[in-house]
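S.K.: Just passing along the structure, written as structure tokens.
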Amino acid sequence: MDSYEAPTWLPGGNLQTIWAATRARRHMGRPPSFIRERWTTPDGDFVDVDHLQRPADAAPPAQHLVLFHGLEGSSASQYAQAFATVARQRGWACSVPHFRGCSGELNLAPRAYHSGDYEEVGWMLQRLRQGSRTPLLAVGISLGGNALLRWAQEAGDSAAATAAAVAAVSSPIDLAAAGRAIDSGLNWLVYSRMFLATMKPRALAKWQQHPGLFDREKLARARTLYEFDDVFTAPLHGFRDTPDYWARASAKPQLARIRIPALLLNARNDPFVPGASLPTSTQVGPHVTLWQPAHGGHVGFPQGAYPSNVLAMPQAVADWLAQRG
């Protein structure tokens with residue numbers, strides 16, 4: 001994937017991003033089927049985990065792939081469907097843990113999820129590891145990838161007992177740079193407003209659960225992700241404000257702390273993860289591999305003739321992980 005080339009009829013990061021999310025094929029044959037399991041969290045809340053349904057007579061899986069979704073994502077997202085398809089083809093187990101509130105039902109606690117939610121990621125991985133025959137192979141998409149990398153950084157040498165390798169795809173590991181990009185110009189019009197269209201109603205529903213939790217009127221006026229994070233995400237999760245949240249939650253400054261194989265895949269034409277913000281080989285430790293193709297968009301990487309598909313990227317990432325699992 002480091003040498004990925006986009007179809008000639010899909011030029012530019014925006015088109016590669018939007019087409020992959022809305023039009024490209026995300027599975028071959030029947031769609032993946034999931035079995036949902038609900039876990040009670042240590043603080044009395046809940047999360048839902050979707051497990052790929054495997055044939056009753058299937059041999060025990062050689063690998064267990066775990067996918068952490070991106071902002072406002074779920075097991076229905078195109079990338080989750082594509083990774084589950086790849087896992088099914090290989091006979092692997094596959095699980096998609098949902099961050100709080102992202103499985104279709106509002107969570108209970110006075111909190112949601114965020115880009116640096118490494119403690120939640122670690123708890124989810126440990127639960128999954130208890131039922132797995134081998135260390136997990138974990139993939140994080142966009143926000144989920146940054147949180148996964150933060151877990152690997154904080155876990156240090158102990159991470160290897162839980163995950164054999166991790167991969168972060170299109171992850172905004174410099175949250176300030178990505179935040180500025182997504183809240184600007186065309187990106188604000190296309191992407192930021194799209195995310196806020198679901199995030200704000202969910203936050204207001206959280207206020208109904210916990211009246212006075214945050215400044216409701218200020219949130220209603222929020223027009224950017226910066227403003228949303230300042231009134232909701234940051235204070236609910238122990239950060240002073242948006243700059244404090246973006247600085248402390250970003251994985252980029254601590255990449256050298258990772259002690260298990262880690263792949264970072266970022267297209268340099270990603271509309272809201274600026275190429276200039278991506279790490280160089282001198283900014284990462286020996287366990288980190290960088291794939292930075294010129295094209296691909298944000299969690300895009302469509303491939304093939306019209307209407308194209310999004311399976312090539314999950315295949316390449318799964319190959320890399322399997323070699324280290």
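The values are calculated or read from the model by the stated rules, or taken from the named source; none is laboratory data. Quick caveat: nothing in here was measured; it's all calculated off a predicted structure. A quick note on method: Cβ atoms are made from the backbone with ideal geometry, for glycine too, and the neighbour counts reach across all protein chains shown. All accessible areas refer to the heavy atoms of the entire protein, side chains included, with ligands and DNA or RNA removed. Shrake-Rupley method; radii C 1.70, N 1.55, O 1.52, S 1.80 Å.
S.K.: Filter the GluC sites (Glu not before Pro) in region 30-117 to those in DSSP coil with at most 12 other Cβ atoms within 10 Å of their Cβ, and list the result.
M.R.: For GluC sites (Glu not before Pro) across region 30-117 that sit outside H, G, I, E and B with at most 12 neighbouring Cβ atoms in 10 Å, the list reads Glu105.
S.K.: For Phe68, list long-range residues whose amide hydrogen, built 1.01 Å from N in the peptide plane, is under 5 Å from its own amide hydrogen.
M.R.: Val139, Gly140, Ile141
S.K.: Calculate, in nm to one decimal, what Gln323 and Glu119 gain on full extension: separation in residues at 0.36 nm each, minus their alpha carbon distance.
M.R.: Going from the current span to full extension adds 70.7 nm.
S.K.: Excluding ligands and nucleic acids, what accessible area in Å² is computed for Trp9 using a 1.4 Å probe, to the nearest 10?
M.R.: 90
S.K.: Tell me which lysines have Cα within less than 29 Å of Lys252's Cα, excluding those fewer than 8 residues away on the same chain?
M.R.: Filter leaves Lys200.
S.K.: Between beta-carbons, use under 15 Å as the cut-off and find the net charge around Ala159, counting Lys and Arg +1, Asp and Glu -1.
M.R.: Result for the local shell: +2.
S.K.: What's the carbon and sulfur percent of the chain's accessible surface, probe 1.4 angstrom, rounded to a whole number?
M.R.: 53
S.K.: Under the classification rounded if a/c is under 1.5, otherwise prolate if a/b is larger than b/c and oblate if not, where does the chain fall, given a ≥ b ≥ c as square roots of the Cα gyration tensor eigenvalues?
M.R.: Verdict is rounded for the chain.
S.K.: Going by Cα centres, region 211-277 and region 92-130 are how many Å apart?
M.R.: Result: 17 Å between the Cα centres.
S.K.: Toward the positive end of the charge dipole of the chain, about the Cα centre and with charges on Cβ (Lys, Arg +1; Asp, Glu -1), which of Ile182, Val96, Pro307 goes farthest?
M.R.: Looking along the dipole axis, the top candidate is Pro307.
S.K.: Got a number for the accessible area of Val299? Probe 1.4 Å, square angstrom, nearest 10.
M.R.: Probe radius 1.4 Å; accessible area of Val299 about 10 Å².
S.K.: A follow-up question, please. Rounded to the nearest 500, what is the chain's calculated 222 nm mean residue ellipticity when only DSSP H runs of at least 4 contribute -39500 (n - 2.57) each, over all residues?
M.R.: My calculation for the chain gives -9500 deg cm²/dmol from helical runs alone.
S.K.: Label-point separation (nm) for Ala294 and Ala160, each offset 7 Å from Cα along Cα-to-Cβ?
M.R.: 3.9
S.K.: Where Lys and Arg each count +1 and Asp and Glu each count -1, what net charge lies around Ile173 among other residues with Cβ under 11 Å from its Cβ?
M.R.: Charge balance near Ile173 sits at +1.
S.K.: Determine the dipole magnitude for region 146-240: charges of +1 sit on the beta-carbon of Lys and Arg, -1 on that of Asp and Glu, nothing else is charged, the reference point is the Cα centre, and the result goes in debye to the nearest 20.
M.R.: 420
S.K.: Shifting gears a bit: Mind grabbing the accessible area of Thr162 for me, 1.4 Å probe, Å², rounded to tens?
M.R.: 20
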